[in-house]
Every structure is written in structure tokens, then in C-alpha cells.
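Asks: Please see the structure below; I have some questions.
The values are calculated or read from the model by the stated rules, or taken from the named source; none is laboratory data. What you are looking at is a predicted structure, and each value in this text was computed from that prediction instead of being measured. With ideal geometry, Cβ positions are generated from the backbone for all residues, glycine too; neighbour counts draw on all protein chains shown. Protein only, heavy atoms only, side chains kept; ligands, DNA and RNA dropped before computing areas. Shrake-Rupley method; radii C 1.70, N 1.55, O 1.52, S 1.80 Å.
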Amino acid sequence: GAVVSQHPSWVICKSGTSVKIECRSLDFQATTMFWYRQFPKQSLMLMATSNEGSKATYEQGVEKDKFLINHASLTLSTLTVTSAHPEDSSFYICSPSPWGETQYFGPGTRLLVL
Amino acid sequence: AQSVAQPEDQVNVAEGNPLTVKCTYSVSGNPYLFWYVQYPNRGLQFLLKYITGDNLVKGSYGFEAEFNKSQTSFHLKKPSALVSDSALYFCAVRDGNSGTYKYIFGTGTRLKVLA
């Protein structure tokens with residue numbers, strides 16, 4: 001149980017383009033979705049929290065117009081990095097949360113912006 | 001405010017020896033505590049959690065952790081380390097009284113088990 005998929009696992013893009021990352025909970029429904037980013041040798045930093053059908057709540061310092069989050073269903077959420085720049089290069093991890101205490105994490109998406 | 005401290009960036013241990021990865025926390029309400037492991041270029045895998053009950057929690061892959069309220073600690077332990085345990089370990093805390101599922105993660109401890 002608690003299988004989470006992320007697609008793509010790796011993406012390289014040119015500066016100025018947009019990249020969409022999909023996160024799916026395969027065997028449970030996620031009422032809440034967390035999106036994290038992780039820089040090399042650093043901890044996970046929460047970017048935003050979204051509930052199904054509602055607008056996401058962004059952490060301080062995270063640009064909501066740059067990191068668009070859509071949580072359209074209980075099993076799918078997407079993060080779109082718009083007009084990506086090299087400083088957006090990072091490891092992005094989704095965490096769907098079912099009703100309960102434990103968060104489960106996707107395998108992550110490594111983004112490299114050239 | 002919630003916070004988690006993992007005081008050691010790296011822990012080295014010989015295979016077969018016991019290992020301990022330290023974690024201390026600060027939370028205003030009820031602490032919900034978690035340990036996750038991360039392998040290179042992978043997401044986090046859940047190891048164990050403490051919500052309530054017995055202070056000694058047993059988890060996946062032979063790991064266990066002890067909740068110590070007076071020392072506000074939740075150290076991860078394993079009696080006999082394996083080379084395959086080498087990975088990055090994260091401690092996380094959530095305030096059980098907050099009504100949200102927001103976690104705060106520690107900075108991570110890299111465990112290196114030497115053959």
C-alpha cells in the first residue's frame with residue numbers, strides 16, 4: 001500500500017520554458033498534497049500545501065505564480081514550474097497525505113534548467 | 001514554533017555494530033515523530049513513527065526509535081548495521097494538536113556503514 005508515482009523522474013529544459021510534474025497516489029486517496037523541494041545535501045523544504053479542489057497555500061518565499069499547483073482529484077496533483085530558470089534546478093518531491101498521521105512521498109523529480 | 005535538530009551531518013559505523021542517529025525536537029503541542037530514509041535520487045521511505053503509546057517504536061528493516069519526552073529526543077537505532085543501511089536519514093515532527101499535517105524535517109544525517 002501507499003504507492004506514489006511521479007512523472008517525469010528526470011527533466012532537462014531550457015531557461016524560460018515551463019515544466020509540469022505529475023504526482024499520483026496509486027492505491028489511496030489524498031485529501032492533502034504537499035510539494036517539497038530539496039537542494040543538494042539539504043533537507044526538504046515545504047513549498048506549498050493543497051487540498052483537493054482548493055487553491056494551494058504557499059510557504060513564505062515561494063512564488064505562487066511561478067510554481068502552479070493543481071490538485072484536481074484525490075489521486076492526482078501537478079506542479080508546473082513556469083518560466084524556469086537555472087536557480088529552479090532542484091529535486092522536487094510530492095507527498096500525498098491520506099487521512100491519517102503518516103505522509104508518503106513520491107520518488108522525486110530532478111529538474112535541471114540550462 | 002516547531003523545530004527538529006539532527007546534530008550530526010554524518011555517522012560512520014562498522015558493519016555489524018549498533019548504530020544510533022540522533023534527533024531532538026521542539027513542539028508546542030503533542031509531538032508526532034517520524035523517521036524517513038532516502039536513497040540517492042529517490043524520495044523518502046517511511047521507517048517508523050511515534051504517535052502515542054509505548055516509547056519504543058519498532059519499524060522497517062530492523063530499525064527502532066525511542067521517544068524520550070524529558071529529553072525531547074527520538075533517536076533512531078539498530079542493533080546491527082548493514083552496509084545496505086547506508087543512506088540519508090531524516091527525522092520529522094508534526095504538532096498533533098495543530099490540526100494540520102504539516103511536517104518539519106531535520107537537516108538529515110548521512111549514515112555510512114563500513115564493511
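Asks: Are any residues in region B:88-112 over 17 Å from B:Tyr50 (Cβ atoms) and open to solvent by 10 Å² or more (accessible area, probe 1.4 Å), and if so, which ones?
Replies: Passing the criteria: B:Leu88, B:Gly99, B:Thr100, B:Lys102, B:Thr107, B:Arg110, B:Lys112.
Asks: From the list A:Ala30, A:Ala48, A:Ala84, which one is modelled with pLDDT of 90 or more, in a loop (DSSP other than H, G, I, E, B) and buried (at least 16 other Cβ atoms within 10 Å of the Cβ)? Working first, answer last.
Replies: On the way: A:Ala30 fails: modelled with pLDDT of 90 or more; A:Ala48 fails: in a loop (DSSP other than H, G, I, E, B).
Step by step, each of A:Ala30, A:Ala48, A:Ala84 is checked, and only A:Ala84 is modelled with pLDDT of 90 or more, in a loop (DSSP other than H, G, I, E, B) and buried (at least 16 other Cβ atoms within 10 Å of the Cβ).
Residue-wise test of (1) open to solvent by 20 Å² or more (accessible area, probe 1.4 Å); (2) touching a Phe, Trp or Tyr at 6+ places or on another chain (Cβ under 8 Å); (3) within 14 Å of chain B (Cβ to nearest Cβ); (4) closer than 19 Å to B:Tyr101 by Cα.
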site: A:Ile21; (1), (2), (3), (4): no, yes, yes, no
site: A:Gly61; (1), (2), (3), (4): yes, no, no, no
site: A:Ile93; (1), (2), (3), (4): no, yes, yes, yes
site: A:Ser97; (1), (2), (3), (4): no, yes, yes, yes
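Asks: Next question. All but one of (1) in contact (Cβ under 8 Å) with a residue 40 or more places away in the chain; (2) away from chain B (no Cβ under 14 Å); (3) within 15 Å of the chain's Cα centre (by Cα) hold for A:Lys14; which doesn't?
Replies: (3)
Asks: OK, next. Look at A:Tyr58 and say whether it is hydroxyl-bearing (Ser, Thr, Tyr) and without any contact (Cβ under 8 Å) to a residue 40 or more places away in the chain.
Replies: Yes.
Asks: Moving to a separate point now. Hey, A:Thr75 hits all of (1) open to solvent by 50 Å² or more (accessible area, probe 1.4 Å); (2) over 29 Å from B:Pro31 (Cα atoms) but one; which does it fall short on?
Replies: Looking at each condition in turn, A:Thr75 falls short on (2).
Asks: Out of curiosity, is B:Lys22 basic (Lys, Arg), closer than 12 Å to B:Gly106 by Cβ and open to solvent by 40 Å² or more (accessible area, probe 1.4 Å)?
Replies: yes
Asks: In region B:68-111, what residues are touching an Asp or Glu at 6+ places or on another chain (Cβ under 8 Å), within 13 Å of chain A (Cβ to nearest Cβ) and in a strand (DSSP E or B)?
Replies: The answer is B:Arg94, B:Thr109, B:Arg110.
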